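Step one of this worksheet: look at the structure below.
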Amino acid sequence: MTSATTPVNPATPTGSTPTLPRVSIQGAVKKFGDTTVLDGIDLQVKAGEVAVLIGPSGAGKSTLLRCINGLERLTAGSVDIDGVRLEYRESSLNRMREHVGMVFQSFNLFPHLTALENITMAQISVSKRSKVEARDRAATLLARVGLADKAGSYPSALSGGQQQRVAIARALAMTPKLMLFDEPTSALDPELVGEVLQVMRELADEGMTMVVVTHEMRFARQVADHVVLLADGGIVEEGPPEKVLDAPESARARTFLNQIADD
Amino acid sequence: MEFIDALVTSWPTLVKGLSVTLSLTALTLTFSVILGAIIVALKMSKVKAFSAFATAYLAIVRGVPLIALLFVIYFGIVSIVKVDAFTAAAIGLSVHSSAYVAEIFRSGISSVHNGQIEASRSLGMTRVATMSRVVAPQALRVVVPALVNQAIISLKDSAVASFITVDELFMSAQRLSAATFQPLTYYAIVSIYYLAIVGAMTYLSGRVERYFAKRG
């Protein structure tokens, strides 16, 4: 696709303690009314690590991901990013989110803006970059995701795979130190999945810290440093992909992995 | 061809009334958009007192006939500060219309998918920036055609101002009909005036809708 010449992960923790995890989730509980979606989750993601969350639908994977950047509020427990506790005050949420990128299943590009404008808006509004600076960066990122020629296109004129690549570029423009992917390929036609996974793979190779909710087992196997299998709001298995995917200890994990192997 | 004669000779009188009607409509549209925006902001506020106030405002304004509202405002305001009938009519029509404009804004905002708000917020955009740069531009395509429609309603509603002595288009026709004892002629003529303007606004509304449809 494109060469990885532009470093997008400036947030290598030079000044911070190397032992501090990028993300630390402790005792995370999330209830929607009477339904408990997350039932006391502990999870740590180190800087530069790719964590992949898998599990049956309704396991709480997306909810857990959305709790990391505060799109969902934890009922109990805590999230720390680089040792900074997540708080739900507007100002601290905004400060945290500026450097935590998120990519959604349904892309959520802004339909009234071109691909380029989608990538410049928050740079100008949040990061206070100049228009020229923002446009340069957006153009570079579009080239990176292989869409240099689509800068002036509106999302409605782009394929799903192209839209998702623009959405990734939009998140990267904010120089995130952490990227969250919420089933980024689930809404795509099968032939478009590869181009998005390729961009994510390159990102991982450059050392971006990523938390990915996905059903793409091949991606998990090849890219993940850390696979977390969730079921019924809890972690049933976690560790390196070869352990979780090939030699799971729990019966629940084996059932799930057998089910998806049949597909 | 008495009717044609009447149409021609009444022109100078009616065109004066028409200009009052048009300025009343323009003022109504302007202030009801401002008021409507404030009301919808209050309605969506997390502060309970604000949203309760907006709910009450909407219930009262929508529950009272325009003419009753106009009379209450006219006689109510006149008893406190001296304002002319035109000002009172502009206030009354604006308040009345603002309830519907607020509803138009609300439906425009809710037409924008929640994922848009989440995408914007997850980039660190503030609530206000999200509203002005992401939600509002997308809501416009629903809001603008509905606002043009509301302007048409306000134009026709403004005839009610004649009841509090505002010398607008309908009042002018009333006066002509009283002076000539030809009510049918002059009410027919004034209807043609309203029809012509509503026709022009409908045409405009169609153009606006097509403009927004094209932008995808």
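A straight line joining the Cα centroids of the range B:151-187 and the range B:34-62 runs 33 Å. The residues B:61, A:29, A:132, when put in order of fewest to most other Cβ atoms within 10 Å, stand as A:132, A:29, B:61. Both numbers refer to the Cα atoms of chain A; Rg and Dmax are 18.1, 56 Å. Legend: ranking of residues A:54, B:164 from fewest to most surrounding C-beta atoms inside 10 Å; resulting order B:164, A:54.
Taking Rh as the Kirkwood radius, which is the inverse of the mean 1/r over Cα pairs, what is the Rg/Rh value for the range B:2-214? Walk me through the numbers before you get to the answer.
Details: Rg = 20.4 Å, Rh = 19.1 Å.
For the range B:2-214, the value is 1.07.
For chain A, the membrane-span-like helices by this rule, meaning whole DSSP H stretches whose C-alpha atoms cover at least 20 Å of axis and whose Kyte-Doolittle mean is -0.5 or above, are A:190-205; this says nothing about an actual membrane.
Find, among the trypsin sites (Lys or Arg not before Pro) in the range B:30-113, those assigned to loop by DSSP (not H, G, I, E, B) with at most 15 other beta-carbon atoms within 10 angstrom. Numbers along the way, then the final one.
Values: sites: B:43, B:46, B:48, B:62, B:82, B:106; in loops: B:46, B:82.
Counting only loop positions with at most 15 other Cβ atoms within 10 Å, the trypsin sites (Lys or Arg not before Pro) in the range B:30-113 are B:46, B:82.
The aspartates and glutamates within cross-link reach of residue B:82, meaning a Cα-to-Cα straight distance under 19 Å and a gap of 8 or more places when in the same chain, are B:167. Mean silhouette area of the protein assembly as shown, derived from the convex hull of its C-alpha atoms and averaged over all directions, reads 30.6 nm².
Cross-link partners for residue A:177 among the aspartates and glutamates, with Cα-Cα distance under 15 Å and sequence neighbours closer than 8 places in the same chain left out: A:49, A:80, A:82, A:98, A:205, A:206.
In order along the range A:43-48, the Karplus-derived 3J(HN,Hα) couplings, from 6.51 cos²θ - 1.76 cosθ + 1.60 at θ = phi - 60°, round to 8, 10, 10, 7, 4, x Hz, and Gly and Pro are given as x.
When you filter the trypsin sites (Lys or Arg not before Pro) in the range A:13-95 for DSSP loop state and at most 14 other Cβ atoms inside 10 Å of their Cβ, you are left with A:73, A:89. Counting only residues at least eight positions apart within a chain, or on another chain, the lysines with an alpha carbon under 24 Å from that of residue B:156 are B:16.
Sort B:25, B:9, A:175 so that the residue with the fewest other Cβ atoms within 10 Å of its own Cβ comes first and the one with the most comes last.
Numbers: B:25 24, B:9 12, A:175 17.
By the 10 Å Cβ count, ascending, the order reads B:9, A:175, B:25.
Among A:90, A:72, A:183, which one shows the biggest mean-square fluctuation in a GNM of chain A, springs joining Cα atoms closer than 10 Å? So, out of A:90, A:72, A:183, the one fluctuating most is A:90. Annotation for residue B:81 and residue A:95: the two label points, set 7 Å from Cα along the Cα-Cβ direction, are 4.4 nm apart.
Rule-based calculations on the coordinates, nothing more; no lab input. Being a predicted model, the structure only gives us computed values, none of them experimental. Glycine also receives a Cβ, built like all others from the backbone with ideal geometry; neighbour counts cover every protein chain displayed.
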